[in-house]
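In what follows, a single structure is set out as structure tokens and then discussed.
The values are calculated or read from the model by the stated rules, or taken from the named source; none is laboratory data. Just so you know, these numbers come straight off a predicted model, no measurement behind them. Note that each Cβ is placed from the backbone with ideal geometry, even for glycine, and that neighbours are counted across all protein chains shown.
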Amino acid sequence: MSINFPLLLVIAVAVCGFLVLLDVVFFAPRRRGAIASYESRAGEPDPSTLEALSREPVLIEYGKSFFPVLAIVLVLRSFLIEPFQIPSGSMIPTLEVGDFILVNKFAYGIRLPVVDTKIIDVSDPKRGDVMVFRYPNDPNINYIKRVIGLPGDVVRYSSDRRLTINGQLVPEMLVGDEPGSLGSAKMYQEKLGETEHMIRKEMRRYQVEPGREWRVPEGHYFMMGDNRDNSNDSRYWQDSVIPAELAGMVPDRNIVGKAFAIWMSWPDPKLSNLPNFSRVGLIH
């Protein structure tokens, strides 16, 4: 069962905020009144009695302690930066399994938490961006892929595994070979727009109809992994409730943010295998 962490965080902030407000409006005046009444009656007030009268209820104490921390986390996570961990190899070689990344939440606009309604436009995704988004077929799951097709683009993936956008072949240059899980894998340098990055090709794990084309509708994006033959992406997504022309497309409302940096890598979290920082750097 997936946990809606943003919703839980909003609820926690609301509950703690309510407890703080309840103390300000109701409990704090009562404590001050009780102290004033006791001091007026006692010739020499007892410090332990004063301490008992000024003590906050346990729930109020916890609420006041957690509220600022949770509020700061909510603001940072919802509007500024959110951390993610890479669970699969679909973005190899750009991102490895176990990489911990940072995602810019305001790069493509300011959105309200939970409802994800955009309230302020900032910019639109650019071809070549590495983007985190909610999987169209199950919005409770976050995916990370590279932006290939923008609204209005025609994307084609040929039988020889070459990418064409609007009739133009995307430039790629063979860099070398490396061992692959299904045999030898070839590494290429690809250029999408102004972004140059590495991609990987090996024996196909996912199959796509040779020479298939996709026209990207307005308000949607076509996404692919850099590990081109081992990435479950826009080329393969199907859902019976989604119109055929939108199958595989990521709507703007599903965008989470732009991945911009790796801050740690820990592929196998064990005490004997400590996290490392050799891959720390910006994501291209």
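Things to note:
- Residue ID - surrounded by the most Cβ atoms within 10 Å (Cβ to Cβ), chosen from residues in the range 21-70 that are among the acidic types (D, E) and in a helix (DSSP H, G or I): D23
- Filtered residues of the range 230-284 (kept if of a type in the set (G, A, S) and more than 21 Å from the chain's Cα centre (by Cα)): S240, A244, A247, S272, S278
- For the range 170-199, filtering for residues that are at pLDDT 90 or above and in a loop (DSSP other than H, G, I, E, B) leaves 2.
- Residue count for the range 7-20, restricted to those that are buried (at least 16 other Cβ atoms within 10 Å of the Cβ) and under 22 Å from V256 (Cβ atoms): 4.
- Residue list for the range 152-169, filter: in a loop (DSSP other than H, G, I, E, B) and within 19 Å of V250 (Cβ to Cβ): G152, D153, N166
- Residue selected from the range 214-269 under the condition polar (S, T, N, Q) and assigned to a strand (DSSP E or B), by the criterion surrounded by the most Cβ atoms within 10 Å (Cβ to Cβ): N227
- Considering P139, P125, P113, the condition of being within 19 Å of F260 (Cα to Cα) and either touching a residue at least 24 places away in the same chain (Cβ under 8 Å) or assigned to a strand (DSSP E or B) (or both) is satisfied by P125 alone.
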